[in-house]
Amino acid sequence: MEKEVIQGAIGKYLKEKGFERLSVQAAMFDMDGVLFDSMKNHAYCWHETMKHFGLDLPEWEAYMHEGRTGAGTINLVSLRQRGHEATEEEIHNIYKYKSEMFNQCQKAERMPGAYEVLVKVKECGVVPMVVTGSGQVTLLDRLNRNFPDIFQKELMVTAFDVQYGKPNPEPYLIGMEKYQRWCEGKGFNGELKPNNFIVVENAPLGVQAGVAAGVFTIAVNTGPLPDDALLSQGANLLFHSMQEFCEEWETFFNSFS
Ligand code: MG
């Protein structure tokens, strides 16, 4: 990517938000489809589960709903196909079926380029964080196994921290708060603003959440959706893979530091 394109995107963001400069201290990474190549499994399981219950959700469409709660996705499909929302019991059964099927899938691999870019981010003095809607109990162990010496427990936002989830800005706002508290614990007391962060997201609803939180949001299109599905949600920059983001990291970092 041309340096001018990146500088232009940063300039546009600063002008829109009224900040003088991007002064990135922490980078908030989404997990599914960014750090792990797990979206294929999610999309497959959603499609198969819906089919089992007489509902239709094509695999590609599952990518559009990534980040929504299970109940949210089920109700959306039920409403359009049957004209009413699903009952509590249906939601429970459908989501249980999907979760069990997902757990039987082969564990997703680390996304190519993800570890390499995280190492670069950290070396530049930017603190890597995870902000995910996932609520797997073994999340931290799994992250530490796959990304050794990158993440810290106090700097993670998961399903257990949030009430609304993406596309609400809440998860990213909580991420910013957690980072602020972490800094205060280290004796840094300055008030942090959205321009002290970046968001890295693969899903339309995730991009929407990052943008709504006021943060410079980098879309990484690791799935089958057209780029416009992410750009139309307000993504400030788009890369086509984590590898590409990794290759361009220095150009990006040097554009504001
Ligand atoms: Mg994702």
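A short reminder: the numbers here are calculations on the coordinates, not readings from a lab. Bear in mind the structure is a predicted one, so any value in this text is a computation, not a measurement. Here Cβ is always computed from backbone atoms with ideal geometry, including for glycine, and neighbour counts include all displayed protein chains.
Could you compute the longest span of the chain free of trypsin sites (Lys or Arg not before Pro) located in DSSP loops and having at most 16 other Cβ atoms within 10 Å, not counting the site residues? Walk me through the numbers on the way to the answer.
On the way: sites that count: R21, K107, K186.
Of all site-free stretches, the longest is 22-106.
Using the number of other C-beta atoms within 10 angstrom as an exposure proxy, rank W46, W60, W182, W249 with the fewest first. Please report the intermediate quantities before stating the final value.
Details: W46 27, W60 12, W182 16, W249 21.
Starting with the residue having the fewest Cβ neighbours, the order is W60, W182, W249, W46.
Using +1 at the Cβ of each Lys and Arg and -1 at the Cβ of each Asp and Glu in the chain, identify which of M111, N254, Q243 lies farthest towards the dipole's positive end.
Highest projection toward the positive end goes to N254.
Which residue, G206, G11, G175, has the most motion in a Gaussian network model of the chain that connects Cα atoms within less than 10 Å?
G11
Residue-wise, which Karplus ³J(HN,Hα) couplings in Hz belong to the range 79-93, taking 6.51 cos²θ - 1.76 cosθ + 1.60, θ = phi - 60°, and x for glycine or proline?
Result, rounded to whole Hz: 4, 6, 8, 10, x, 8, 6, 7, 6, 3, 5, 4, 4, 4, 5.
Would you look at the GNM of the chain, springs on alpha carbons closer than 10 Å, and say which of D227, D37, D149 moves the most?
D149
Take the Cβ-Cβ distance between T87 and V137 as r, set R0 to 35 Å, and report the resulting FRET efficiency rounded to the nearest 0.05.
Working: r = 27 Å, r/R0 = 0.78.
So the FRET efficiency works out to roughly 0.80.
Have a look at V211, V119, V199 and tell me which one the Gaussian network model of the chain (Cα, springs below 10 Å) gives the largest fluctuation.
V119
Residues of the range 7-45 with amide nitrogen under 19 Å from the 7 Å Cα-to-Cβ point of E250?
7
Return the loop-located GluC sites (Glu not before Pro) in the range 9-104 (DSSP other than H, G, I, E, B) with at most 15 other Cβ atoms within 10 Å of their own Cβ; answer none if there are none. It would help to have the intermediate numbers written out before the result.
Details: sites: E16, E20, E48, E59, E61, E66, E85, E88, E89, E90, E100; in loops: E20, E66, E85.
When the GluC sites (Glu not before Pro) of the range 9-104 are filtered for loop state and at most 15 Cβ neighbours within 10 Å, E20, E85 remain.
Return one quarter of the surface area of the convex hull spanned by the alpha-carbon atoms of the range 119-189, equal to its mean projected area, in nm².
Details: hull surface 21.4 nm².
Its Cα hull, projected and averaged over all orientations, spans 5.3 nm².
Say a paramagnetic label sat at a point 7 Å from the Cα of D227, along Cα to Cβ; which residues of the range 15-30 have their backbone N under 20 Å from it?
none
Pairs K107/K153; K98/K178; K3/K122; K40/K122: which are spaced more than 26 Å apart, C-alpha to C-alpha?
Working: K107/K153 22 Å; K98/K178 31 Å; K3/K122 22 Å; K40/K122 28 Å.
Check vs 26 Å cut-off fails for K98/K178; K40/K122.
On C-alpha positions alone, give me the angle between the axis of helix 242-254 and the longest principal axis of the chain, in degrees, nearest 10.
Between the helix axis and the principal axis of the chain, the angle is about 30 degrees.
How long is the range 95-218 along each principal axis, judged by its Cα atoms, biggest number first, in Å?
That works out to 47, 30, 25 Å along the principal axes.
Just to confirm my numbers, what's the Cα centroid distance between the range 1-22 and the range 61-79 in Å?
Their Cα centres are 33 Å away from one another.
Extension gain E20-D149, at 0.36 nm per residue separation less the Cα-Cα distance, in nm?
Working: separation 129, 0.36 × 129 = 46.44 nm, distance 3.26 nm.
Result for the pair: 43.2 nm of gain on full extension.
Percentage of Cα-Cα pair distances in the chain greater than 25 Å, rounded to whole percent? Walk me through the numbers before you get to the answer.
Numbers: 14041 of 32896 pairs.
Within the chain, distances greater than 25 Å cover 43 percent of Cα pairs.
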